[in-house]
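Report on one structure; see the data block that follows.
Every number here is computed from the coordinates shown, using simple stated rules; none is lab data. As the structure is a computational prediction, the values presented were derived from the model and not from experiment. So basically every Cβ, Gly included, is an ideal-geometry build from the backbone, and we count neighbours across all protein chains shown.
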Amino acid sequence: MAKQNAIYKCDICGNVVSVLEANAGELVCCGQPMNLLEEKTAEQEGKEKHIPIVEFFEKGIRVRVGSTPHPMEEKHYIELIQLIKDGDVVAGKRLNFDDEPVAEFCNLHTKGLKARILCNIHGVWVS
């Protein structure tokens, strides 16, 4: 059974799925189950370029990836930045390899807010 709001990846073709609605079925791609990308944190993996940093400013919220900006190269880049509140995705932005690893969102209720990013090589990371 898939997990709601989780991210899965096919190890064969590289398809990535973010689950909007979870039910009893199994996520399958290329004839085999897709892999759940577990969220990693600074405590588990150490401080590095994948930890999302949430900043509040006058007009909203800015999420930067890494205290030193994450590289954005054709073969290694941040694909997705999301804001999550109470387990639900409330905002998100897709990135291309030639973008900056930053996303800005309009003001949201900030209590309980966390950021989640997807690196095309190193998986899912949360603030």
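Checking the cross-link pairs LYS49/LYS114; LYS40/LYS111; LYS75/LYS111; LYS3/LYS93; LYS3/LYS59 against a 26 Å limit on the alpha carbon distance flags LYS75/LYS111; LYS3/LYS59 as lying beyond it. A simple count of charges around GLY87, restricted to other residues whose Cβ falls under 13 Å of its Cβ and scoring Lys, Arg +1 and Asp, Glu -1, yields +1.
Here the dipole of the chain is about 260 debye; that uses its Cα centre as origin and unit charges on the Cβ of Lys and Arg (positive) and Asp and Glu (negative). Histogrammed with a bin width of 10 Å, the alpha carbon distances of the chain distribute as 13, 42, 35, 10, 1 percent, first bin at zero.
Relative contact order, whole percent, for the chain stands at 23, derived from Cα pairs under 8 Å and 6 or more residues apart.
Taking 4 °C and 1.567 mPa s as conditions, the range 19-74 diffuses translationally at an estimated 88 µm²/s according to Stokes-Einstein applied to its Kirkwood radius (Cα pairs).
When Lys and Arg each count +1 and Asp and Glu each count -1, what net charge do the other residues less than 13 Å away from CYS29, Cβ to Cβ, add up to? It works out to a net charge of -1.
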